[in-house]
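Data block below; observations after.
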Amino acid sequence: MNTTPTNINIHSQIAEKIIEGQEEIIGPLAVEQARKVPGLSVNWEKHEVTIQGDQKQVIDQLIRRYGRIFGPASIEVCKNAAKQIAPQVPSAQLPEALY
């Protein structure tokens with residue numbers, strides 16, 4: 001597992017974009033649900049998102065949480081939100097839910 005600061009930053013940016021995308025649709029509930037994901041720390045007042053542990057797995061859990069609660073369209077919102085940053089991450093480090 002590569003935990004260089006750059007990768008941590010990129011994965012955190014992906015998580016932040018996903019939460020922002022969800023927030024546009026479902027409002028504050030998006031942040032509330034993100035805070036329930038193990039390994040994800042969200043300080044939304046500062047728009048700071050940090051990931052502890054397996055970054056790929058934490059983002060995957062975030063996406064799947066939104067999908068379970070809000071349906072398949074929610075997963076598409078996650079993919080669209082992350083698509084600008086995802087190319088910066090090697091495909092082996094991208095969560096399966098973003099494919």
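Values quoted throughout were computed directly from the atomic coordinates according to the rules given, and no laboratory measurement underlies them. As the structure is a computational prediction, the values presented were derived from the model and not from experiment. Here the Cβ is made from the backbone with ideal geometry for all residues, glycine too, and neighbour counts use every protein chain on show.
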Between helix 5-26 and the chain, what is the angle of the helix's C-alpha long axis to the longest principal axis, kept within 0 to 90° and rounded to the nearest 10? 10 degrees
Of the residues L29, L40, L62, which exhibits the maximal mean-square fluctuation in a Gaussian network model of the chain defined by a 10 Å Cα contact cut-off? L29
Calculated from backbone phi, Karplus (6.51, -1.76, 1.60) coupling profile of region 30-42 in Hz, x at Gly/Pro: 4, 5, 4, 5, 4, 5, 8, 7, x, x, 10, 10, 10
Here, Y99 and S41, labelled 7 Å along Cα→Cβ, have an inter-label distance in nm of 3.2 nm
Can you tell me the 0 to 90 degree angle between the C-alpha axis of helix 72-82 and the longest principal axis of the chain, rounded to 10? 40 degrees
Enumerate by residue number the trypsin sites (Lys or Arg not before Pro) in region 42-90 meeting two conditions: DSSP loop (anything except H, G, I, E, B), and at most 10 other Cβ atoms within 10 Å of the site's Cβ. K46
Candidates E76, E20, E45: whichever shows maximal mean-square fluctuation once the chain is modelled as a Gaussian network with Cα springs under 10 Å: E45
Rounded to the nearest 10 degrees, the helix 55-70 long axis (Cα) sits at an angle to the longest Cα principal axis of the chain of 10 degrees
Within the under-12-Å Cβ sphere about Q33, not counting Q33, Lys/Arg +1 and Asp/Glu -1 give a net charge of +3
